[in-house]
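This report refers to the structure that appears directly beneath it.
The values are calculated or read from the model by the stated rules, or taken from the named source; none is laboratory data. Quick caveat, the model's predicted, so the values are computed rather than measured. Note that we place each Cβ from the backbone using ideal geometry, even for glycine, and neighbour counts take in every protein chain shown.
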Amino acid sequence: MVAEEIRIPIDRDGDIVAARQKARELAAQVGISGSDLTMIATAISEVARNIVVYANHGEIVLSPVQSGGRRGLLVIARDEGPGIADIERAMRDGFSTGKSLGLGLPGAKRLMDEFEIASEMGKGTTITMWKWTR
């Protein structure tokens with residue numbers, strides 16, 4: 001049986017590991033396998049790390065999804081941090097407001113099948129990603 005929605009609070013580095021593990025488990029339950037499991041875990045690491053570094057607190061929400069005969073995993077990363085001033089720039093490789101390589105958001109987008117980002121200054125950021133079975 002496939003679980004319903006799973007919420008993982010993200011406050012510290014250990015929470016990132018928990019989110020990765022839960023995502024791999026749920027993705028396997030819906031039929032995602034192989035390197036796609038690693039891609040999901042890596043994408044979650046990137047967005048969850050951003051929550052810890054920039055917002056201090058947020059959550060990862062994992063849900064099994066079905067659409068047009070496809071099955072997959074929906075990942076929502078949500079925080080109430082400072083927001084992203086320029087999403088277009090933030091989605092370019094190499095751009096970072098911190099001390100990172102600036103590969104997190106564009107890397108997560110490349111790893112997942114679908115990716116959306118919404119952010120409002122002073123209110124936070126929501127990233128929605130999907131990975132579908134092959």
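For residue 30, state whether it is farther than 27 Å from residue 119 by Cβ, touching a strand residue (DSSP E or B) at 6+ places or on another chain (Cβ under 6 Å) and of a type outside the set (D, E, K, R).
yes
Name, by its number, the condition in (1) surrounded by fewer than 20 Cβ atoms within 10 Å (Cβ to Cβ); (2) of a type in the set (A, V, I, L, M); (3) under 20 Å from residue 133 (Cβ atoms) that does not hold for residue 73.
Failed condition: (1).
Under 8 Å between Cβ atoms, which residue pairs at least 6 apart in sequence (or on different chains) link something in the range 16-30 that is closer than 20 Å to residue 71 by Cβ with a partner that is polar (S, T, N, Q)?
Every condition considered, the pairs that remain are 30/133.
What pairs come out if I take residues in the range 40-54 that are closer than 13 Å to residue 9 by Cα and pair them with residues that are of a type in the set (Asp, Glu) whose C-beta lies under 6 Å away, six or more apart or interchain?
Close Cβ pairs (under 6 Å, with a partner that is of a type in the set (Asp, Glu)) amount to 51/79.
Looking at 63, 67, 35, can you tell me which residue is among the polar types (S, T, N, Q), surrounded by fewer than 17 Cβ atoms within 10 Å (Cβ to Cβ) and at pLDDT 95 or above?
Only one candidate qualifies: 35.
Name the strands (runs of 3 or more DSSP E) wholly within the range 1-91 that hold at least 2 residues that are in contact with a Ser or Thr (Cβ under 7 Å, 6 or more places away or on another chain) and closer than 21 Å to residue 105 by Cα?
Because the criterion is at least 2 residues that are in contact with a Ser or Thr (Cβ under 7 Å, 6 or more places away or on another chain) and closer than 21 Å to residue 105 by Cα, the strands (runs of 3 or more DSSP E) in the range 1-91 that meet it are 70-79.
Looking at the range 109-121, I want the residues that are farther than 16 Å from residue 134 by Cα and have a partner that is β-branched (Val, Ile, Thr) and assigned to a helix (DSSP H, G or I) with Cβ atoms under 7 Å, at least 6 apart or on another chain. Which pairs are those?
Within 7 Å, the pairs are 117/87; 119/87.
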